[in-house]
Amino acid sequence: MADTAAALKTYNDIPVLDWDLQDPQASSYVLFKDLREKTPLVKVPMGMGSMVMALRGRMVDQIVSPENTRQLETEMKMMQGIFDGPIFDFVAQVMLFANGEVHQRRRQPVARTFAFKLMEAMRPKADAVATEIINEHLGKGPFDFLKEFAAQLPARIIADILGIPRADLPVFMKWISDTAESIGFVDVERRAGIEQSLTDFNAYVDKLLADRRANPRGDFLSDYVAATAASGDMTEGEIRAQVVGLILAGSDTTRNSMCMTLFQLLQHPDQWAALVADPDNLKKKAAEEGLRYEPVVSGIPRVTTQDMEIEGFLIPPGAIVAVSILSVLRDPEIYADPETFNIHRTDQQRWHLAFGAGAHRCAGEALARVELEETLAAIARLAPNTRVVGQHPKLQPGAIRTVDQIQVEFA
Ligand code: HEM
């Protein structure tokens, strides 16, 4: 036993990379390929300390296991100097930043009512919304695909799921874009503006919840308020935060994935032609490969709760360890020819890592898949000669990677 322990390398032996996580090279696949061949773990500077990044697929389960780690809670906000106020309260009440029994209590009513079957029923709706937006632009020259399509579709769908009137859509979309940062890193200079919007957004969601309590109408929100009442152990703030959380977690992610997947398909004319020829059979594969090739959530950070032995290293409790989704989705131990975009590949994993792993695995996966698949199929069907115009889109690094711009012409 003593010999095994002695043979283990320590936290200090993990190679350090002088990366700025906001620097584009931090998400360079060339760099990841090189690193992954040399070491399973790297340490990168983060704030006052460091974060360990795990680069290989075989390490994922161990890192997200509640036996070894926990999700970060409000400490992420405290590290940014946020100790109270609407952003802090949101983070303190939402399922994404909770652990154990508290996390389950918040997730269960959402999981029960935001179920796979219900989201599958949204397919015709997603197709109808995509068709509507395509027709607004078809044959009318280049347009801003990011703002006028990819941001619109998830917002219109979630607005419909929540029963938000079309007239409220502009202000609803403004709140989404103003407050999306609350989940990730908050720009200090924008904090006051974000908090004002979050306060208005919260009040609006409170009104929706009160309306469904008074007049249940068999939709998602009515079922959700009934499920929270039945469980009886959620505060009013928690009930609201899960709704706001669903809206925010599903907007930037789906939008950026939509842009990058369409772009990759159009960069590979043979694969685009295959999708155009058979959209119904290939839409799922196209969306999955887009999610693998350019995942929008870059990692799954956790905090170790005890000594964790991993790939020959002993990591102490209290360390931040993240699965690098960017690296693992290109791991040759899992994917043949991982650096190649190929919608025909047969080695996609049953639980796609782009949606995370473990207890916090994406609660909106079914909806995201429906939106991505129906959008790609509708464009392939109605605008088969679509092209990207001007500069190629680039993903900016970050916890959620965002597309800088993309102009598209539907034809
Ligand atoms: C392409 C689209 C999407 C991607 C790539 C994605 C990815 C992820 C990932 C990686 C996580 C886990 C984060 C972690 O463990 O730290 C997550 C969690 C979550 N996602 Fe998504 N997501 C997407 C779309 C959506 C949509 C459409 C919704 C809802 C409408 C949604 C709602 C959520 C929620 C509520 C959580 C927190 C789950 C929990 O903490 O138990 N996501 N997502």
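Rolling a 1.4 Å probe over the protein heavy atoms leaves VAL102 with an accessible area of roughly 50 Å². Rounded to the nearest 0.05, the FRET efficiency derived from the C-beta distance between ALA411 and LYS9 at R0 = 51 Å is 0.35.
Looking at the square roots a ≥ b ≥ c of the eigenvalues of the Cα gyration tensor of the chain, which shape do they give, rounded for a/c under 1.5, prolate if a/b is larger than b/c, or oblate?
Values: a/c = 1.73, a/b = 1.15, b/c = 1.51.
Since a/c reaches 1.5 but b/c is at least a/b, the shape of the chain is classed as oblate.
Full extension of the chain segment joining GLN104 with ARG190 gains 27.8 nm, where the gain is 0.36 nm per residue of separation less the Cα-Cα distance. Applied to the stretch 42-59, the Karplus parametrisation 6.51 cos²θ - 1.76 cosθ + 1.60 on θ = phi - 60° returns per-residue 3J(HN,Hα) values of 9, 10, 10, x, 8, x, 7, x, 9, 10, 8, 10, 9, 9, 10, x, 5, 9 Hz, with x for Gly and Pro.
The length gained on full extension between ALA399 and ALA336, counted as 0.36 nm times the residue separation minus their Cα-Cα distance, comes to 20.0 nm. For the stretch 59-103, relative contact order (Cα pairs under 8 Å, six or more residues apart, normalised by length) works out to 35 percent.
Cα-Cα pairs above 17 Å in the stretch 19-161: how many percent? That tail contains 77 percent of the Cα-Cα pairs. Straightening the chain between LYS125 and ASP34 buys 28.4 nm, computed as 0.36 nm per residue apart minus the Cα-Cα spacing.
Among 156-162, 45-51, 287-293, sorting by the average number of other beta carbon atoms lying within 10 angstrom of each residue, highest first, gives 287-293, 156-162, 45-51. Sorting ARG58, ARG105 by solvent-accessible area of protein heavy atoms yields ARG58, ARG105, largest first, with a 1.4 Å probe.
Of the peptides 180-188, 326-334, the ranking by mean beta-carbon count within 10 Å, highest at the top, reads 326-334, 180-188. Taking all Cα pairs closer than 8 Å and separated by 6 or more residues, the relative contact order of the chain comes to 27 percent. Only one residue of LEU138, VAL321, LEU198 has its Cα farthest out toward the positive end of the dipole of the chain, where Lys and Arg carry +1 and Asp and Glu -1 on Cβ, and that residue is LEU138. Cα centroids of the stretch 262-308 and the stretch 224-255: 27 Å apart.
Spin-label pair GLU309-ARG213: with each label point 7 Å from Cα along the Cα-Cβ axis, the two points sit 5.3 nm from one another. For the chain, modelled as a GNM whose springs connect Cα atoms under 10 angstrom apart, the maximal fluctuation among PRO109, PRO154, PRO170 occurs at PRO170. 3J(HN,Hα) along the stretch 265-272, derived from phi through the Karplus expression 6.51 cos²θ - 1.76 cosθ + 1.60 where θ = phi - 60°, amounts to 4, 6, 6, 10, x, 5, 6, 4 Hz, with x in place of Gly and Pro. Taking Cα centre as origin and charging only the Cβ of basic (Lys, Arg, +1) and acidic (Asp, Glu, -1) residues, the dipole magnitude of the stretch 173-294 rounds to 240 debye.
Carbon-plus-sulfur fraction of the accessible area of the chain, 1.4 Å probe, in percent? Carbon and sulfur atoms account for 55 percent of the accessible area of the chain. Residues VAL323, VAL297, ordered by accessible area of protein heavy atoms at a 1.4 angstrom probe radius and largest first, appear as VAL297, VAL323. Under a model in which nothing but the beta-carbon of Lys, Arg (+1) and Asp, Glu (-1) is charged, the chain shows a dipole of about 660 debye around its Cα centre.
Counting helices only, and only those DSSP H runs with n ≥ 4, report the 222 nm mean residue ellipticity of the chain as the sum of -39,500 (n - 2.57) divided by its residues, in deg cm²/dmol to the nearest 500.
That comes out to -15000 deg cm²/dmol.
The values are calculated or read from the model by the stated rules, or taken from the named source; none is laboratory data. Here the structure is a predicted model, which is why all the values come from computation and not from measurement. All Cβ positions, glycine included, derive from the backbone under ideal geometry; neighbour counts span all protein chains shown. Surface areas here come from the heavy atoms of the whole protein model, side chains and all, with no ligands, DNA or RNA. Shrake-Rupley method; radii C 1.70, N 1.55, O 1.52, S 1.80 Å.
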